[in-house]
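One structure is given here, and the rest of the page talks about it.
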Amino acid sequence: ATTALPIASSLAQARGARVTALYVQTDMGLDAGALGPLADVPGVGTAVGPADPERALRLIRWLDDEVARRRTAGSVAGGDTRPELVLVVDDLGGLARCFDPVRCPEPHEALHRVWADGPGVGVRLAVSLRRGAELPPALAATVGETLLLRTADAGEAHRWGRHGPGDEAPPGRAVRVGDGALLQVVLDGATIAEAVARHRDLPLPVDPPHQVIDLAPRIGVDQPGIGVEVAGGCVTLALAVRDRDLSVVGCPLHPGDHLLVLGPSRSGRTATLATIAALAPDSAVVVGTGPLADRVAVPVVDPAALGDVLAARGRTLVLVDDCLAVDDPTGVLADLVRRPPTGVHLVVSARAERYRAAYGHWSADVRASRVGLLLRPDPLDGDLLGHPLPP
């Protein structure tokens, strides 16, 4: 961990340099993030600890997208003048322990692209390894510089064609693979926290680094961008925030489409329908009785009277919570599923395991629209909408 400190120190001191941002993913295989104090250094964009795989994945995704943006900008404008970025990964092998390469290959593939394509557009990596075998072959072929510190196994040094520093070598003593130069890494303090304290008051860089933040567990309907939009006959329910970039994402309902909300008990099905009712209070009705009818301020309609109600309204979202418990004695709901009037869409919710066996029920054909929200799904729930889920 201490070998990464000079990188942060030099970046903090490079007041006028193009290097203005450092992104740190710390000790993915350990119990504590040794590089966590670096978050206090001006110019450090994000420090991700070992117990935060969500932010680690979002950081790698953002860097992958940033490399793609810079490559596009460079090919269009003939060059890119944005500041250089450095990603420091302490214990690269811990990434494989955090994200299984077989079940979750996305972060590994994205990191490989950043490693291969990033240096050409000013995005570089500095990584540490416990053992040389933890470096994937795809990355080993393009390593720019390697510092070999004291190793517990002499065979590790032989892997690089060198003899590492002996057991008597002080911390930070290294051999540079390539020319065999003996080096001593500069230490800025007895501990990382002590070194960081020296640079905490430095001015922020001209281009503030991107901050990778958490996806909030609760988001209010007053969030910018949240709402119901109608354009060209398509109704877009913008009621969620996307994990990838924390932007508002909409669920479009084209003419004839319906929305299916599936999830186990206490997963938020009723709350989702209540949110839709709050976003479109003048364009929603609730069918049936139950918790949803008690918590929304929109008309509550009996299934038998739904046809007459819709005939007197324009664009309408028909909300049916726990749809498998709502009977359709007159066949009005079944007709709405198959032949909805212009501007009318059903939004129904159910428990996924029960809905999977609901053959012959009026709501079974709602899944034909292949539009839905899966709350706390299991791997099979995606098949209900014809969309396999990632691990």
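Taking every C-alpha pair closer than 8 Å and separated by at least 6 residues, the mean separation divided by the residue count of the chain gives a relative contact order of 14 percent. Taking amide H atoms as placed 1.01 Å from N in the peptide plane, the amide H of THR316 lies under 5 Å from those of VAL344, HIS345, each 5 or more residues away in sequence or on another chain.
The length gained on full extension between ARG244 and ALA231, counted as 0.36 nm times the residue separation minus their Cα-Cα distance, comes to 2.1 nm.
Multiplying the residue separation of TYR359 and VAL143 by 0.36 nm and removing their Cα-Cα distance gives an extension gain of 72.0 nm.
As a check on your grasp of the helix formula, calculate [θ] at 222 nm for the chain: sum -39500 (n - 2.57) over DSSP H runs of n ≥ 4, divide by the residue count, round to the nearest 500. Walk me through the numbers before you get to the answer.
Values: 12 runs with 103 residues, N = 391.
Estimated from H runs of four or more residues: -7500 deg cm²/dmol.
Applied to segment 153-167, the Karplus parametrisation 6.51 cos²θ - 1.76 cosθ + 1.60 on θ = phi - 60° returns per-residue 3J(HN,Hα) values of 10, 4, x, 5, 5, 5, 4, 9, x, 9, 9, x, x, x, 5 Hz, with x for Gly and Pro.
Can you give the FRET efficiency to the nearest 0.05 for ALA334 and ASP214, using r as the Cβ-Cβ distance and R₀ = 56 Å?
Values: r = 43 Å, r/R0 = 0.77.
Rounded to the nearest 0.05, the efficiency is 0.85.
About its Cα centre, the dipole of the chain is roughly 500 debye, where the only charges are +1 on Lys and Arg Cβ and -1 on Asp and Glu Cβ. Annotation: per residue accessible area for segment 57-204 equals 54 Å², rounded to a whole number [probe 1.4 Å, protein chains only].
For the chain, with all protein chains present and a 1.4 Å probe, just round the carbon and sulfur fraction of the accessible area to a whole percent. Carbon and sulfur: 53 percent of the exposed surface of the chain.
If you take all other residues with their beta carbon under 15 Å from the beta carbon of VAL337, and give Lys and Arg +1 and Asp and Glu -1, the sum is -1.
Normalising by the residue count of segment 251-367, find the relative contact order in percent from Cα pairs under 8 Å and 6+ residues apart. Mind showing how you got there, number by number?
On the way: 189 pairs, mean separation 39.8, N = 117.
After rounding, I find 34 percent.
Across segment 351-368, rounded Karplus estimates of 3J(HN,Hα) from the backbone phi angles (6.51 cos²θ - 1.76 cosθ + 1.60, θ = phi - 60°) give 6, 4, 5, 6, 5, 4, 9, 8, 5, x, 6, 4, 8, 4, 7, 4, 5, 5 Hz, Gly and Pro being marked x.
Note on segment 334-391 and segment 290-331: Cα centroid distance 17 Å, given to the nearest whole angstrom. Evaluating 6.51 cos²θ - 1.76 cosθ + 1.60 at θ = phi - 60° for every residue in segment 333-349, the Karplus couplings come out as 5, 5, 5, 5, 5, 7, 9, x, x, 4, x, 10, 9, 8, 10, 10, 10 Hz, glycine and proline recorded as x. The H on the amide N of ALA126, modeled in the peptide plane, is under 5 Å from the matching H of LEU87, VAL88, VAL89, each at least 5 residues off or on a different chain. For LEU253, the residues whose amide H sits under 5 Å from its own are VAL235, THR236, LEU237, ignoring neighbours fewer than 5 places away on the same chain, with H placed 1.01 Å from N.
The values are calculated or read from the model by the stated rules, or taken from the named source; none is laboratory data. Since we're looking at a predicted model, the values are computed, not measured. In this analysis, Cβ positions are derived from the backbone assuming ideal geometry, glycine residues included, and neighbour counts consider all displayed protein chains. For the accessible areas, the whole protein counts, side chains as well, though only heavy atoms, and no ligand, DNA or RNA atoms are used. Shrake-Rupley method; radii C 1.70, N 1.55, O 1.52, S 1.80 Å.
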